[in-house]
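Engineer: Below you will find the structure I want to go over with you.
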Amino acid sequence: MPDATLTLYNTLTRRKEAFAPIDAQSVRMYVCGPTVYDRAHIGNARPIIVFDVLFRLLRHIYGAEHVTYARNITDVDDKINARAAERFAAMPPVEAIRKLTVETAAGFHEDISTLGLLPPTLEPRATDHIAEMVALCEALVKAGHAYVAEDHVLFDVPSMPDYGRLSGRALGEMEAGARVEVEAYKRDVNDFVLWKPSKPGEPAWPSPAGIKTPGRPGWHIECSAMAGKHLGEVFDIHGGGLDLIFPHHENEIAQSRCAHGTPVMANVWMHNGFLQVEGEKMSKSLGNFITINELVSQKLFGGQQWHGKVVKLAMLGAHYRQPMDWTVARLAQAKGTLMDFARLVSGVEAADAPHPEVLGVLMDDLNTPSAMSILHGIAKSAARNTVAAGQLKASLQLLGVYEAERAEDFNVGLETREVDASKVDSLIAARNAARKAKDFKEADRLRAGLDAMGVTLKDDRDPATGAVETTWEVKR
Ligand SMILES: [Zn+2]
């Protein structure tokens with residue numbers, strides 16, 4: 001174990017705390033995953049990337065076999081139903097929903113693998129856990145924390161005295177702020193749906209608590225059911241985006257704690273900040289809505305494709321709790337950095353452990369911007385010092401932004417620029433010969449030919465001997 005202690009900011013207590021797992025042999029983390037109705041956008045990628053770094057760090061500290069990371073797939077949802085009806089109008093609704101969710105989940109896995117992220121230990125799907133959700137609904141009704149009304153099961157919010165602790169909202173405030181019309185079947189404006197009746201054509205399962213009409217779960221209950229089944233009634237870390245604190249996480253907590261009679265659902269609650277694109281909120285109408293797939297395989301953002309690890313490194317340039325502005329400049333800078341690092345560490349043997357300073361700042365609530373500046377410092381000595389180069393490589397591998405790539409591997413989308421190195425070398429030799437013979441016209445012609453192949457030349461004069469040495473690279 002490293003000397004430094006892992007500290008994490010806990011939304012529940014609003015402070016940074018030393019992390020102490022319930023069982024160091026079995027560290028357990030749950031992160032809310034995608035609702036599979038559309039390709040994941042770059043805002044969706046942020047929690048996935050942030051918690052991948054935490055997963056890697058936990059594996060480093062406690063051992064890979066002692067960490068369980070569950071990230072769910074939401075495959076039952078109103079947005080899914082609507083999108084399936086729109087895209088596959090001719091199909092029976094339940095088949096259309098299956099087709100949409102299977103295709104979208106496959107696309108999500110493809111996107112995640114291009115980013116070089118570790119797969120979670122478990123990836124439970126909501127529709128595989130209906131029985132657990134039904135059981136939770138029944139347990140909550142039995143315990144007096146939920147009630148049946150008009151074929152719905154509703155959580156009775158006033159039955160939980162400390163509801164609202166995570167978001168810091170008091171019940172009175174919520175009532176005063178509620179301007180929406182309250183459904184007649186709700187006893188209290190804050191009560192939320194655990195189960196609801198299905199309309200014809202919607203996915204439907206036998207309902208809990210004696211309800212005759214087949215129905216389907218509300219959104220929040222699935223995470224309580226899946227986390228409870230796979231990680232236990234109380235586990236270590238629960239994560240997600242800031243936008244999930246209320247109502248989703250607040251309601252997960254209410255369901256799990258009241259069903260299991262526990263003081264907490266998870267000990268540490270972590271939330272990543274919002275993401276904007278070029279200073280604007282991302283939206284379809286502004287035309288700045290960008291998916292992971294578009295970033296890595298199309299030339300829609302900054303006129304070029306970006307390597308998945310460049311995307312990941314760019315994301316780590318801001319601290320996870322801070323808002324992030326996603327810009328072309330940020331990506332371009334990350335690409336240059338990763339290419340520079342690759343030139344230093346490609347072919348070098350990785351050290352047994354990452355650089356202690358890098359590890360130290362990551363242990364301090366995942367301070368990735370500080371890790372980046374330390375990495376730049378190490379890189380300065382890595383050119384001359386193989387120990388530093390090995391530590392740089394091990395540190396990049398810990399972050400999951402580098403494995404064994406060559407610099408040019410990060411230059412994706414420039415396939416037409418692939419060049420034959422021996423041809424480049426012979427053209428450079430011919431150009432040098434022309435220059436020696438003072439045939440500058442011929443030398444310029446050869447240089448222009450190389451330029452058209454996408455090759456940039458750099459002439460360096462050795463100050464001692466005056467001899468010119470020409471190096472080259474394929475243009476970024
Ligand atoms: Zn959730």
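The values are calculated or read from the model by the stated rules, or taken from the named source; none is laboratory data. All values reported here derive from a predicted model rather than from experimental measurement. Cβ coordinates were reconstructed from backbone atoms using ideal geometry, including for glycine residues, and neighbour counts include every protein chain displayed. Accessible surface is based on the protein model in full, side chains and every heavy atom, while ligands, DNA and RNA are left aside. Shrake-Rupley method; radii C 1.70, N 1.55, O 1.52, S 1.80 Å.
Engineer: Which shape class applies to the stretch 52-199: rounded if a/c is under 1.5, otherwise prolate when a/b exceeds b/c and oblate if not, where a ≥ b ≥ c are the square roots of the Cα gyration tensor eigenvalues?
Structural biologist: Values: a/c = 2.07, a/b = 1.27, b/c = 1.63.
Here the stretch 52-199 falls in the oblate category.
Engineer: When all protein chains stay in place, what accessible area (Å², nearest 10, 1.4 Å probe) is found for I378?
Structural biologist: Number for this one is 10 Å².
Engineer: Now a separate question. Relative to the longest principal axis of the C-alpha atoms of the chain, give the angle of the C-alpha long axis of helix 386-399, reported between 0 and 90° and rounded to the nearest 10°.
Structural biologist: Once rounded, the angle reads 30 degrees.
Engineer: Among F274, F192, what's the order by accessible area (1.4 angstrom probe), most exposed first? Numbers along the way, then the final one.
Structural biologist: Values: F274 115, F192 15 Å².
So the residues, ranked largest to smallest area, are F274, F192.
Engineer: Once the Cα atoms of helix 250-260 and of the chain are each reduced to a long axis, what angle between those two axes, in degrees from 0 to 90 to the nearest 10, is obtained?
Structural biologist: Orientation of helix 250-260: about 60 degrees from the principal axis.
Engineer: On to the next question. With the other protein chains left in place, how much accessible area per residue, in square angstrom, belongs to the stretch 115-248 at a 1.4 angstrom probe? Mind showing how you got there, number by number?
Structural biologist: Numbers: 5990 Å² over 134 residues.
Each residue of the stretch 115-248 exposes 45 Å² on average to a 1.4 Å probe.
Engineer: Between A106 and E17, what is the spin-label point distance in nm, taking each point 7 Å from the Cα along the Cα→C-beta axis?
Structural biologist: Going by the 7 Å Cα→Cβ label model, 4.3 nm.
Engineer: May I pose another question? Leaving ligands and nucleic acids out of the surface, order D191, D156, D444, D460 by accessible area at 1.4 Å, largest first. Spell out each step's value before the answer.
Structural biologist: Values: D191 5, D156 30, D444 100, D460 70 Å².
Greatest to least solvent exposure: D444, D460, D156, D191.
Engineer: Continuing with the same structure: Give the carbon-plus-sulfur fraction of the accessible surface of the stretch 214-343 in %, rounded to a whole number; probe 1.4 Å, heavy atoms of protein chains only.
Structural biologist: Numbers: 2310 of 4400 Å².
Answer for the stretch 214-343 is 53 percent, counting heavy atoms of protein chains only.
Engineer: Using only Cα atoms and rounding to the nearest 10 degrees, what angle (0 to 90) does helix 440-452 make with the longest principal axis of the chain?
Structural biologist: Tilt of helix 440-452: around 20 degrees.
Engineer: Charges at C-beta only: +1 for Lys and Arg, -1 for Asp and Glu. How large is the resulting dipole of the chain about its Cα centre, in Debye rounded to 20?
Structural biologist: Numbers: 53 positive and 62 negative charges, 230 e Å.
So the dipole magnitude of the chain works out to roughly 1100 debye.
Engineer: Run down the lysines and flag those whose C-alpha is under 27 Å from the C-alpha of K441, throwing out any fewer than 8 positions away in its chain.
Structural biologist: Here the lysines satisfying the reach criterion relative to K441 are K423, K458, K475.
Engineer: Net charge near R321: determine it from the other residues with C-beta under 13 Å of the C-beta of R321, scoring Lys and Arg +1 and Asp and Glu -1. Walk me through the numbers on the way to the answer.
Structural biologist: Values: positive: R14, R15, K16, R46; negative: D364, D365.
Once all neighbours under 13 Å are counted, the net charge is +2.
Engineer: Among residues other than R216 whose Cβ falls under 10 Å from its Cβ, what is the net charge (Lys/Arg +1, Asp/Glu -1)? Could the numbers behind the result be given before it?
Structural biologist: Numbers: positive: K196, K199; negative: D77, D78, E202.
So the environment of R216 carries a net charge of -1.
Engineer: Now a separate question. Using a ≥ b ≥ c from the Cα gyration tensor of the stretch 252-409 (square roots of the eigenvalues), is it rounded, prolate or oblate, where a/c under 1.5 gives rounded and otherwise the larger of a/b and b/c decides, a/b for prolate?
Structural biologist: Numbers: a/c = 2.45, a/b = 1.24, b/c = 1.97.
The shape class here is oblate.
Engineer: Oh, and also: Report the antiparallel proportion of the DSSP beta bridges in the chain as a percent, rounded to a multiple of 5. Let's see the in-between values first.
Structural biologist: On the way: 26 of 47 bridges.
Given both bridge residues lie in the chain, the antiparallel proportion sits at roughly 55 percent.
Engineer: With an 8 Å Cα cut-off and a minimum separation of 6 or more residues, compute the relative contact order for the chain in percent.
Structural biologist: Numbers: 762 pairs, mean separation 72.0, N = 476.
Over the chain, the number comes to 15 percent.
Engineer: For each pair in K142/K212; K281/K309; K312/K393; K284/K312; K309/K335, compute the distance between the two Cα atoms and list the pairs where it is over 20 Å.
Structural biologist: Numbers: K142/K212 18 Å; K281/K309 24 Å; K312/K393 16 Å; K284/K312 23 Å; K309/K335 9 Å.
In this structure, K281/K309; K284/K312 lie more than 20 Å apart at Cα.
Engineer: Further question: Round to the nearest 0.05 the FRET efficiency obtained for A131 and L300 when R0 = 51 Å and r is the Cβ-Cβ distance. Spell out each step's value before the answer.
Structural biologist: On the way: r = 43 Å, r/R0 = 0.84.
Efficiency at R0 = 51 Å is approximately 0.75.
Engineer: Classify the stretch 271-344 from the C-alpha gyration tensor, please: rounded if a/c falls under 1.5, else prolate or oblate depending on whether a/b exceeds b/c.
Structural biologist: Values: a/c = 2.25, a/b = 1.27, b/c = 1.77.
It comes out oblate by the Cα gyration axes.
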